[in-house]
Structure formats: C-alpha cells, structure tokens
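*Asks:* Dropping the structure in here first, questions after.
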2 protein chains.
Amino acid sequence: MPSTLNLMPVPANIQPGTGQLVIDQLFTVAVGGAKDARLDRGVPRFLDELSRQTGMPLNNQLADSAKATLLIRCESGGRKVQELGEDESYTLEVSPARATLTAPNPLGLLHGLQTFLQLVEPTPAGFAVPVVTIKDEPRFAWRGLLIDVSRHFIPLAVLKRNLDGMAAVKMNVLHWHLSDDEGFRVESKRLPKLHELGSEGQYYTQAEIRDFLAYARDRGIRVVPEFDMPGHSRSWVAAYPELASLPGPYKAGRMANADTVMDPTRDGTYKFLDKFIGEMAALFPDAYFHIGGDEVNNKPWDSSPKIQEFIRARGMKNNRDLQAYFNQRLLKIVGKHGKIMMGWDEVLHPDLPKTVLVQSWRGQESLAAAARQGYRGLLSFGYYLDLMWPASRHYAVDPMAGAAASLSPEEAKRILGGEACMWAEYITPETIDSRVWPRLAAIGERFWSPQAVKDPGSMYQRLDEVSWRLGWLGLTHESNYVPMLRRLAGAEDIRALRILAEAVEPTKDYTRSEVFPQPPVKSVSLNRLVDAARPESAVAHRFAELVEKYIQSGYQDSAAEGQMRSWLVRWQGNHANLNPLLERSFLLAEDEPLSEDLATLATAGLQALDSIGRKQTLPEAWRTEQLAVVERAMKPRANLLVMVAPSIQKLIEATPRP
Amino acid sequence: MPSTLNLMPVPANIQPGTGQLVIDQLFTVAVGGAKDARLDRGVPRFLDELSRQTGMPLNNQLADSAKATLLIRCESGGRKVQELGEDESYTLEVSPARATLTAPNPLGLLHGLQTFLQLVEPTPAGFAVPVVTIKDEPRFAWRGLLIDVSRHFIPLAVLKRNLDGMAAVKMNVLHWHLSDDEGFRVESKRLPKLHELGSEGQYYTQAEIRDFLAYARDRGIRVVPEFDMPGHSRSWVAAYPELASLPGPYKAGRMANADTVMDPTRDGTYKFLDKFIGEMAALFPDAYFHIGGDEVNNKPWDSSPKIQEFIRARGMKNNRDLQAYFNQRLLKIVGKHGKIMMGWDEVLHPDLPKTVLVQSWRGQESLAAAARQGYRGLLSFGYYLDLMWPASRHYAVDPMAGAAASLSPEEAKRILGGEACMWAEYITPETIDSRVWPRLAAIGERFWSPQAVKDPGSMYQRLDEVSWRLGWLGLTHESNYVPMLRRLAGAEDIRALRILAEAVEPTKDYTRSEVFPQPPVKSVSLNRLVDAARPESAVAHRFAELVEKYIQSGYQDSAAEGQMRSWLVRWQGNHANLNPLLERSFLLAEDEPLSEDLATLATAGLQALDSIGRKQTLPEAWRTEQLAVVERAMKPRANLLVMVAPSIQKLIEATPRP
C-alpha cells in the first residue's frame, strides 16, 4: 500500500497507479444501472460531503454518463430490508480522466463513495484522487456499534451524526440498547406506561424511530434493537411492577434502587412480552431482535419462595435453568413475530436451539465454545469503548484469534463479526463522540480489513487522518474539547490546563468512582477533567516514543533528548501556571495533586537526563523517592492517570548506578 | 465595575455586593406576574443554556415561587408584534439566598436572563453568581445586524444560531437583506418566478420564514426585511425582465451580467411592486419595511431615451429626482400596506416625508444632516463587518459622535441606534460566524451600554470571555477554525500553518481580489487561508503590546524582551516547518511569500533586539532592506497582511544609529 493512501479501513485489495484525477468545481457524478432510493439520496449526500470537505461549491445535478467525473453503477437493487450478508463489495477504478465505481449491490456503492471521499486530498495541482484500482469487500458481515441510551439518554441528532461516522468507516450495524434499569427509551403504544413511567420523559417516539431507521438504512446500517430481560429491567417494573420477581414499588432513573429481575414463573409475564415484542417487531424491520439476557441478579429469584418452588416443581437445577426456561419461552415469542433472537453470553444453554445468535462480552473462549456447539456469534469482548483503552489494544483483539483460531472452517464461519460497545454510565450527549471517536475507526478496520492488516503504527497514522475528517460530519470529538476545558477553567486562557489535560488519561476498566462532593442531587455531573480528557493521550504516546528512541540509541540521540527536554521543561513549569485556575474553580480542585506530580515527575526526568548525559550517579534515595511519585501518578486520582509517568520511570531507571 | 464581572454589554448600573449565590443541580426558576408565551419558552431555554454552560443536568420544571433560586416577574405582557421602543429595562438582584429578576415587559426579562447566564462562573465553592444589583436598560432602541443572504445564501439553521448570539448580547433587530443582484431569497406565491428564476434554487419558503420569525420573536428580536430597489435588482429582472430599464435577458447568480435598475417610468412597475409588497407586508409582521434604495447605477437610465424623456417631460433635473419620484410612489405602496418605509442614505430627498427612516452607510455627517432635517436615522457607517476591521475600531464609532454630537436634544432623539452589516461577497455558511463573532459583541455594547463605556482594554478582556461562551450556542467562529486549517493542509498536523495563520489578517476594506487560478466555474471557493484567518490577530495584538511595553521601559523590560524573543524565534523557524505543506497543497501555495516574509521579519526583529541590547549599530543598508520587507508585508498578498510587521518595524527603528 502506498503510504499516501490514508484509507481506513484498509481495502482488501489496492493496485496503485500513476498520476491523479483532479477534483475541481466542475466535478460531476453520473449514476447508471439498477435504481435504488438509497443512491438517489446517497449521491447528493456524497456531493454535499465532498463540498464540505473541500470548501468548494459543487453542482448537485447528476451528469450525463459520458461526461461525468465519477460514474457509478449498481448491478442490482438491494433488499427491501437490509439483510445480514448482502454483498457489500465494490470496485473503484480511478484514471487521470475519470473514476468508475461499480458494485453488485447499493451497499457496495455506499462504501465505495466513502473510500472516494477519503482519497480526496489537496495536491500541488488542486484537490485530487490518486490513480488507483481498489477491489474491496468486508472480512466480516456484522460490524457493529452498541450504543446504550438507557443510562444516559442520547438524543437522535447525536445518534445520527454517529451513524454518519459509522458509515464513513464502513460499519453496518447499530445495536441500540434501548432499555436498562435506568431508563426505558421507546414509546410503546400498547403498553404506554413503559415510556411514561420508565423514562423520566426521555424517550423516542415511534415516528422519530421510523425516521431514524430510514436514516440508518440510507447509510447502509442495520439497526438491531435490544430490550434487556429478565435482568436490567428496573425501568420496566417501575411501570408494570407485576412483572417483577419481588413486590415493588420500583423507580426508573439513575441512583434509584438496585437491579431487578422479571418473574419468569408467571404466564402474565409472557403475555406482556408477547404484546410488547409484537409491537416492537413491527416497529423495527431488522431480522434480529436482541433480548439481552445478561447479568441476571440471582437475589430476587433466591428470595422469592414462589420462584424457588417453581424451580423445584419443574425439576430445574438452579436459576440458570430458570433463565433458560425464560429464554425458551421468549424464543417462541420472538420467533412468532418473525425475528431471530439474539442474546448475550449468558443465554447459552444446551436447551436453546442453534438459531440463536450469541454476543460474547466474556471473551473469545466463550465465543469459540458457542461456535463449536453450532451457534453463530459476535465478539464484543475487547471492544468496550467505556473501558478507556487505547485504540491499539482494541485493534489487537481479533474475533478469530485465541480460542477461535483453532476452529474448523465450518465452525469459523459461524463467527459473524463483532460489535464495539458504548455503555453509557459516564457519557452524555456532549462527551459521547469523544468516547466513540476516533477509536471506533480502529475497531471498524478490524472488522472490515483483512486479518493481516494489523500494524499499530500504520493504524495510528491513518487514525489521526480519519479523525479530523470525521469532524466534517459534525462529530464533536475534536470540537467539544476546548469548550469543555474552558468550562472547567471558567476562562478563555486554558493553555496550562490543556498541558495537564494532554498528559493524563481517564482511569481504565471499571475503576471510575464518583467521589465528587455534590448536594443530594439526581445525577452526577459529567463535567470534570476526566470527562474532557481524551481516552488516549497522544502526547504521552509521542513522549514514550522519544524515550524509547533515546534509550535504543544508547543515549546518543540528541534530537530525541532535545525534544524530551522541551516537554519536561514545559511540564515542570506548568503547575505554577495552572495553580490560579486550580484554586479558582471547584471543578479543578481535585486535579491539583496530578498537576503537582506532573511537575515533580518532569523535574525528575530532567535530573535523570542530566545524570545520564554526564554519566553521574544520583543517590539511591533520590531514585526511591522519584519512583514512589511514579507509582502514585499511575494510580487513579480524580479518576485520572498521569500517562507520561511510565516513560519518566524509564528515564529514572536508566540513570547510572553507583 | 468590579473586574470579576465579565458582562457584555456592560449594564447601565451595577451595584456590587458581597458573597455569592451558588448554582448547583437544585437550581430552579419560578415565574410570576404577567403571562407571555415568550417566557413560557424562554425559561426552559434559559435552563437548557445554563445546563450546557455548566455541564450540569438541571430540573426543567418550574418551581414554587417561595422555593425557587431565581424568581422572575414580569409586570405586563408585551405587544403582539414586537415594537421599536418597547421597554427593555430589567432589574436583577442577587443575594446569597436567591436572585430576583423583574421587568416591565418580557423583553427586559429575556435580557436579564442573558445577564444572569454571563454571571455564572465556577468558583471554589461551586458554580455561582456574585451578589449584585443590576438596573439595566439600553441606550438605543434599535440595535441591529444586517445579514446579506443574497450574495451567498445562508441557511436558516446558520441564521438561527446567529439570532441566539444576538440575543446573548442584547441586540434586537435582524435586518434581513433578502434580495440583491445575485439572488432573490424569498418564496413569492403571487410572483413565483422571483424565487424560481431569481434564486438558483436557494430561497426560503414562506413556511420556513414564519418559523424563523417566531424564533426571532422568542428571542426579543425584530426582523426587518429588505428588498433592494430600484438598483441591486438583477435577480428580480432575471425573472421579470419587463421591470428593467433596459431590455434583458438577465440572469441571477454570482459573476453574471452587471447591475440593473428597475424602470420607474412604467406604471406596470408600481403595479408589480404593489402586488409584491402587499404579499411581503403580510408575511413580515414588523412595522418597518426596507426598500434599499442605495447605489443606483446611472447607466441604464442614462442609456434609455424613454427614461430621459420621462425626466424631461416631468420637469425633473436628473436621475436623482427620478429616484425620488420612484421612492415617493413606493412610499405610498409601502404605507398602503401598513408599513413604515426605510432606506439607505440615498433615499434622502427634500420631497420625501419625515416618516421615512434613513439608514446611513455614508457616515455620521449624513446621519446628522438627516436628523437636522427631521428624519429619524440609524448609523451603519463604521459597523461594516466585511471590512475586516478590528473590534476596537468599530467600538470607537459612536452614533452620537462627530457631526451628531452637536445635534439639539430634539434632533438627537431622532437617532434611533445603529446596525452592523454583514455583506456576503466573501462569506459562506462555514465562515459567516467567524466574520460576525466575536466582533459584533463589541458593536452590540456600543448600542446598549452608556456612551461613557468605551475603554478598549476592558472591551477586549470581556470580548475574549464572551467569545468562548458564545460557543455554547452553537456558533462556529471558534470550532470551524482548526478544521479549515486542516483542509488547507490536507493533514492533521497544522502547527506550522497555525503559527502563520495567527500572525496574519485578511486584507481590509474593499481590497480583497480574487486572483486565484480556477477553471471557468460559477463561483469562487472561499476555502483559502484568508477565509480561515481571523479578522483580528490576537497574537499581533499581544506582540504589539510587548513591543510597546519594551520601548516604554527604555529597553529595560527583560520579561517583555524574553517574550518577544520567544515569538520571534518561533516565527523565524516556522517557514522551514511550513514549507512541506506549502509545497504540497495548491490552496497554500499563494501563502509562501507571506511565510517567508514572516521568517525574514523575525530574523530582523531578533537582530534589532541584539543591536538594542548591546547598543551596537547596524549598517544603514540593513535598516533599508528590512524596512522594505516590512512595507511589502503590509501590502495584501493572497489577500492577507502580515500583522506583526508594524511592531517589528518599531524594533528596527529603535536600533541605535551611528
């Protein structure tokens, strides 16, 4: 692949050529072949995006195929409802005179148009696309993103811009986690108390949902709804307490009472679900219907004599069997309404038929086991965006690696792809984009590109490019950053705060805790430095590379040393600059120890460089003291980690010893 | 005024107190007094803005007046259609326990809520508003912004966010320049060819306009439509050539044929205008109707024997009399449809009655003359945002200064206020916000605050604060900057480009010229460095202050010298860093000489500092050479000026001479 092609995901096959196709204001598109309404809307949208990206007004009228700059042609129309496994391949041929994009199905054309947009760059001779032939198709048919809209409600405008982002990186499933303990987010006309009492007023109407589904379909994205049951159901039983295993009352919302579980022993439960699923099956056209099924809290079942008696009477061994019983009855209802049932790992039970699609949050082991048993599955383990991992760590997770690598070809085919998950404990409409993007693009590449595409260096280089281009779609992962820092500071001049913010990262995995002093309020405000800080510190990354380079050079690389020193001097002086803000804003007070440690570490780093350069030893007590600061800096405070600490640790450890 | 109050515009009267009112998630509002639908919508919008600004979820329900944090009370409802001169005063009293906002009219409450939002800042004890009593009212009743949507079409979503910005700085008139040579932007049901043939498809439907007017009314903003006639009318005659003074055909759009003028001698013209104005008078509820009347091109009238004969036959002296005749007939039509006529300077003619409102683009002299003759007027001279002046220059222009200062009290009352003008030759939906904001806030303050409020230092300090706060309303003057630079570079890393961009400013006044090589296309792309660069370089401003400080200190201020050196070193090295981008992107090629001159000037500045510091003379030839570079740098190239050049010139001139 020529390094000039900043494509993400990397196409299956690229044949570079010589020269380029200039894109100017005379650029036009012609459409031939099969008709599809998605193209009728998709081509003007493409022109609009090209116009935004280049800042050039473009003619929105279709051109004659003999004259067009880009000729697109579809061999046949797509399915009425987008299906798993529809052909998504395309061929894009660019010559210096024109470009041709062909595909068997409109889905491929939509993907090819995104590739074309990524190829447009300014050159000395104008905006241009390099001469190239690309034959592309996805590795996996299911390339999803789960968005939880229950724990924090996410408005449709925000979801829409995320669909735009997904389409840009060729992802094709939005898994919409629509209900959980905290909120029930869909209007039900048959069971209206669900949204009336379960949502605190924050839900989508059915008309809004239909519009949203059309928006997704236009972008080649299927929408799979999830209604989590029998656990994670407090918002349901807040509306219909008779569904619960234990008597209520229950309340939806954050910070209310604990997890609840539906009562699987009552026939009324299934009647209710039949009515509900019937309504939702009609609203959501996709063939798949996700029933959740994860993390069923055992306590309510254990504490209910009636339920324990039911288990005994039916000859079940335990709660797990009871859940399998529930799932089997649910399966019949879901099937009756024409849908294929999907659930999380826990739904796996020998009694369940092989049609069920299993989504694994537990790992490749569990996924491979399911595939061996004949179930089709998706991997989500390793792709949880809320864990704040670096993109490279997600990128290294492959659905076909680990236990899955030893599957037979037949079994391997059962692994349909994967889904990234954006759980919503700590996101708001303001911060969600920065938690999803740009990291999702790396996961999207994992699902689309050949397995051999896995160099993290190349990935990061292309991720940087794709990230700012995603801004043209209205995604706010870049644009919301400075405003959030200014809110924290209550001031325009945030230079010192920015230096701290760019040296830290939010704490990883499930270690975030809310210790922030607040009056007794409904919900925690997500307006702190941890919410503004990026999941991955580019500065820490770059500094680590410099340290590595310097050490590798046997401490001879003076350019690397100079750059390290320049960073260290900046960090060393930053605490004094930041202090007035830390003292003034209650939002920043908790960050004071981090700022101080950054300065201390920087001083240690500079001392270490001096010591290395002059080959002078430093006292052992110095080393012990500095390493204690390193250790402290890598423990969460204010839910943040000082990410440059491990690199400074390396410098400290590299100092000559007596 | 305590320096902690970052209010813009500065209120008429501030009584600071001690302590503060904490704003937390329990914040609530109660509304008492007269009912007004604008408040029913305005209070939730206020809560929404407060929530966005603080990042705290807030309860959207109104509270009991005994318990609310903020109690607002309106003495009476406003007029059905907002009127010029309605009482806009308000009183805001903040105690540590609660705040009370009262006003005689809903308009005052809307202003007071904006003041409250500007007062909210993070403090050590949480978000808070300082204890204070503010009694506020505007100096002028007419505080407007003209937006030209003809030369470049501006979508309603963009206009709406600008209305939000206007409301935030208490401006109350949008002057909507809806037609000009380039485009006719309103749907006419009676004369549909106007929008069909005059707009190239870019116009607002009447339904959209009604929605927009309601949006403006909700924010206390009147909307005055302008349909420019008899000149600036090419888009009209493209649809109805019989209106023109000379036979057509004509075409709307940019870069088509020249200015055209309506034929004032035909009765058909007035029949047409009666029909049209009747329709528009019903669509736009405001009492004022702007007929333009500016810059009538004499050629079409001069070249028409029929028109010259008409002038002679009626005993008129010249074309000016003919325009007065046109205006008098127009006045009757406008009056018949219940509106007060407004026009630009040129409508002034002894034959015109005193009811006409005159908008002066020519200057205070012209405005004062009109006031002396008994006409009411507005000042726009000095407030043209497209001239790319610094905020301080607009701020220094006062409607009551110059010739207006000597008016009698009676005459002075005829000056109703002023309007900033955003003409649209060189703006797009992407760049308009950065041309309007934040500078408009300084003009808004000129129109609202007491005349004595005029210190530019205080203005700039508050402007910096208000600028980033305006971002919460969705204005893109800040957020579009980096994406535009990245487009120019075609790359993520724009550090070097940013250093150049922040040292330059777009050329001033009407000196912009389009020399950019382009294929024969319909319109020029506004995607160059001049379009991204800010109208006012904060860096040049700061550097100039440093130079001033250094010179004032007798070259002793070593802190200032150190900071200057740090900038100069950065600029000196920047050309080498920027060069790869300049060579790669056709969009940047034209900026190469500027980048090179910046580096040369920086070297000269460093040499000058050395010379001054060491009291060593430099050869006269050096001085001559460097001053030539300064001169070149202050001449427009790529429509940009190197704004740090005059400060470097001062350093060069300060070097000791033999």
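*Asks:* Can you give the convex hull volume of the alpha carbon atoms of segment B:173-254 per residue, in Å³? Could you put the intermediate results ahead of the total?
*Replies:* Values: hull volume 7.1 nm³, N = 82.
Value for segment B:173-254: 87 Å³ per residue.
*Asks:* Looking for one value pair here: nearest-to-axis residue in chain A (by Cβ) for the rotation onto B, and the distance in whole angstrom.
*Replies:* A:Ser479, 2
*Asks:* Something else: List the trypsin sites (Lys or Arg not before Pro) within segment B:380-428 that DSSP assigns to loop and that have no more than 14 neighbouring Cβ atoms inside 10 Å. Can you show the working numbers first?
*Replies:* Values: sites: B:Arg393, B:Lys413, B:Arg414; in loops: B:Lys413, B:Arg414.
In loop regions of segment B:380-428 (DSSP not H, G, I, E or B), the sparsely surrounded trypsin sites (Lys or Arg not before Pro) are B:Lys413.
*Asks:* Then there is this: Can you compute the helix-only [θ] at 222 nm over chain B? Use -39500 (n - 2.57) per DSSP H run of at least 4 residues, normalise by all residues, nearest 500 deg cm²/dmol. If you can, show how the numbers build up before the last one.
*Replies:* Values: 25 runs with 281 residues, N = 658.
Here the helix-only value at 222 nm equals -13000 deg cm²/dmol.
*Asks:* Pull out a ≥ b ≥ c, the square roots of the eigenvalues of the alpha-carbon gyration tensor of segment A:234-315, then state rounded if a/c is under 1.5, prolate if not and a/b is larger than b/c, and oblate in the remaining case. Mind showing how you got there, number by number?
*Replies:* Working: a/c = 1.93, a/b = 1.31, b/c = 1.48.
The shape class here is oblate.
*Asks:* Which far-off residues, 5 or more places away or on another chain, put their amide H under 5 Å from the one on B:Arg222, with H placed in the peptide plane?
*Replies:* Answer set, sorted by chain and number: B:Val173, B:Leu174.
*Asks:* Taking segment A:481-654, how many lysine pairs are there with alpha carbons less than 27 Å apart, if each pair must be eight or more places apart or span two chains?
*Replies:* For segment A:481-654, the number of qualifying lysine pairs is 9.
*Asks:* Share of Cα-Cα pairs in segment B:481-654 beyond 28 Å, in percent? Don't skip to the end; give the middle numbers.
*Replies:* On the way: 3753 of 15051 pairs.
Tail of P(r) above 28 Å: 25 percent of Cα pairs.
*Asks:* Can you list the GluC sites (Glu not before Pro) in segment A:566-638 that are in a DSSP coil and have 14 or fewer other beta carbons within 10 angstrom? Could the numbers behind the result be given before it?
*Replies:* Details: sites: A:Glu583, A:Glu590, A:Glu596, A:Glu620, A:Glu625, A:Glu631; in loops: none.
Answer by residue number: there is no such site.
*Asks:* B:Ala244's amide H: which non-local residues (gap 5+, or another chain) put their own amide H closer than 5 Å, with H modeled 1.01 Å from N in plane and none for Pro or chain starts?
*Replies:* Counting only residues 5 or more places away or on other chains, the set is B:Asp263.
*Asks:* Once the label point is set 7 Å along the Cα-to-beta-carbon vector, what list of distances in nm do you get between B:Pro658 and its counterparts in the other copies?
*Replies:* 6.4
*Asks:* Shortest first, in nm, what separates the label point of B:Lys135 from those of the same position in the other copies (7 Å along Cα→Cβ)?
*Replies:* 8.4
*Asks:* Through the Karplus equation 6.51 cos²θ - 1.76 cosθ + 1.60, θ set to phi - 60°, convert the phi angles of segment A:56-72 into ³J(HN,Hα) values in whole Hz; use x for Gly and Pro.
*Replies:* Along segment A:56-72, the couplings run 10, x, 10, 6, 8, 7, 5, 9, 5, 5, 6, 10, 5, 6, 10, 9, 10 Hz.
*Asks:* Averaged across the residues of A:483-493, what count of C-beta atoms belonging to other chains lies within 10 Å of each residue's C-beta? Write out the running numbers ahead of the final one.
*Replies:* Numbers: counts 9, 1, 1, 6, 10, 2, 3, 7, 6, 10, 2.
Other-chain Cβ atoms within 10 Å of each residue's Cβ, averaged: 5.
*Asks:* Could I ask something else about it? Given N residues in chain B, what is Rg(Cα) / (2.2 N^0.38 Å)?
*Replies:* Details: Rg = 27.1 Å, N = 658, 2.2 N^0.38 = 25.9 Å.
Normalised Cα radius of gyration, chain B: 1.04.
*Asks:* Then there's this: May I ask you to order A:385-391, A:123-129, B:260-266 by the average number of other C-beta atoms within 10 Å around their residues, highest value first? Present the calculation step by step, with values, prior to reporting the outcome.
*Replies:* Numbers: A:385-391: 21.0, A:123-129: 18.7, B:260-266: 23.3.
Peptide ranking by packing, descending: B:260-266, A:385-391, A:123-129.
*Asks:* Output, in nm with one decimal and in ascending order, the distances from the B:Ala214 label point to the matching label points of the other copies (7 Å from Cα along Cα-to-Cβ).
*Replies:* Nearest to farthest, the other copies are at 2.1 nm.
*Asks:* Separate question: Past 27 Å, Cα to Cα, is the threshold; run A:Lys251/A:Lys299; A:Lys306/A:Lys332; B:Lys35/B:Lys170; A:Lys275/A:Lys413 against it and keep the listed order. Please report the intermediate quantities before stating the final value.
*Replies:* On the way: A:Lys251/A:Lys299 18 Å; A:Lys306/A:Lys332 24 Å; B:Lys35/B:Lys170 21 Å; A:Lys275/A:Lys413 35 Å.
Result: A:Lys275/A:Lys413 exceed 27 Å.
*Asks:* I'd like the projected area of the protein assembly as shown, averaged over all directions, using the convex hull of its alpha carbons. Report it in nm² with one decimal.
*Replies:* So the mean shadow area of the Cα hull is 56.6 nm².
*Asks:* List the trypsin sites (Lys or Arg not before Pro) in segment A:1-53 that DSSP assigns to loop (not H, G, I, E or B) and whose Cβ has at most 14 other Cβ atoms within 10 Å. Which are they? It would help to have the intermediate numbers written out before the result.
*Replies:* Working: sites: A:Lys35, A:Arg38, A:Arg41, A:Arg45, A:Arg52; in loops: A:Lys35.
Sites meeting the loop and neighbour criteria: A:Lys35.
*Asks:* Moving on. Taking a quarter of the surface of the Cα convex hull of segment B:372-518, what do you get in nm²?
*Replies:* Convex hull of Cα atoms, orientation-averaged projection: 11.5 nm².
A short reminder: the numbers here are calculations on the coordinates, not readings from a lab. Here the structure is a predicted model, which is why all the values come from computation and not from measurement. Please note: Cβ atoms are built from the backbone with ideal geometry, for glycine as well, and neighbour counts cover all protein chains shown.
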